[in-house]
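Here the structure is laid out as structure tokens; the discussion comes afterwards.
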Amino acid sequence: MIIEICANSFESAQAAQIAGANRIELCTELSVGGLTPSHGLIEKVVSELNIPTHVLIRPRSGNFTYSKEEVDVMLRDIAFCKKLGCAGIVSGILTSENKIDLEKTKELIAASEDMEFTFHRAFDWVENPIEELQKLIDLEVSRLLSSGQKPTAIEGISLLKELQNISKGKIELMPGGGINIENALKFKKAGFKSIHFSATTKKQVLSKKPIVSMHSDSFFEEGIIATSNAETIQKIKALLP
């Protein structure tokens, strides 16, 4: 089973490589769902690590409806990733009606050229997932990252399985969102070929406050950072031969 780690820093990317993950989605700012990492971080990861790197192209937090200027920024970031030899791009654009924006998404796919293209969890905002899945198949998107329109993928596993059955192998369905050592095996048993998770642990920096859960409001206070943990990744990988 392919393991993709959502890596929010060089340290997280390095942990994914050490643990034997298959690839990473490189991003920053997990607290807002992930944003495009800096060019410096992308370059450092690609030049110093060997793990296949897919880069999140999301210029800001909030919704997934972007202006012409924002799309231009996204295209420039994709061009930079292509120049460095990144393995893939993770992105997506919706209309104001929360449907896949075909024209703008086509632009992103065309710019990605030989890189794999994953449509990300913007999909979890669409109103008609079955209809929108067909659009992604028609666009020949490599894979869809989704939590099944629920807060976590285990809660959305029924829709994920339905989408996978409908896709008939024409697009890879990759569950992501809240996957951990307790539930990872359920996705393998359900027939999925890949999963996406961060395997983060929290540590305190420049603070004497106690470590808190990611689900606590306090998690977002200054001084709390999250980093992917190699041991956690290895434990989950051991469950999924």
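The values are calculated or read from the model by the stated rules, or taken from the named source; none is laboratory data. Remember, it's a predicted structure, so these values are computed and weren't measured experimentally. Please note: Cβ atoms are built from the backbone with ideal geometry, for glycine as well, and neighbour counts cover all protein chains shown. For accessibility, only protein heavy atoms count, side chains too; no ligands or nucleic acids. Shrake-Rupley method; radii C 1.70, N 1.55, O 1.52, S 1.80 Å.
Listing for the model above:
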| quantity | calculated |
| --- | --- |
| Cα gyration tensor, the range 45-188 - rounded (a/c under 1.5), prolate or oblate | oblate |
| Prolate/oblate/rounded label for the chain (Cα gyration tensor, a/c 1.5) | rounded |
| Length released on extending from Ile181 to Glu97, taking residue separation times 0.36 nm less the Cα-Cα span | 26.6 nm |
| Carbon/sulfur fraction of accessible area - the range 2-203, other protein chains in place, 1.4 Å, % | 48 |
| Unit charges at the beta carbon, dipole of the chain: most positive-side option, Gln14, Ser146, Leu136 | Gln14 |
| Burial order of peptide ranges 187-196, 95-104 (average beta-carbon count within 10 Å, highest first) | 187-196, 95-104 |
| Computed label-point distance, nm, for sites Arg60 and Glu162 using a 7 Å Cα→Cβ extension | 3.4 |
| Relative contact order [Cα under 8 Å, 6+ residues apart], the chain, whole percent | 19 |
| Pairs beyond 29 Å (Cα-Cα), from Lys82/Lys161; Lys106/Lys170; Lys104/Lys189 | Lys82/Lys161; Lys104/Lys189 |
| Residues of the range 2-203: accessible area per residue with a 1.4 Å probe, Å² | 44 |
| Gained length - Leu84 relative to Glu131, 0.36 nm times residue gap less alpha-carbon distance | 13.4 nm |
| Packing-based ranking, highest mean first, of 57-67, 172-182 given that Cβ atoms within 10 Å are counted | 172-182, 57-67 |
| Mean ellipticity per residue at 222 nm, deg cm²/dmol - from DSSP H runs of n ≥ 4 across the chain, formula -39500 (n - 2.57) | -10500 deg cm²/dmol |
| DSSP bridge pairs, the chain: antiparallel proportion in percent, nearest 5 | 20 |
| Bridge type composition, the range 12-131 - antiparallel percent by DSSP, nearest 5 | 15 |
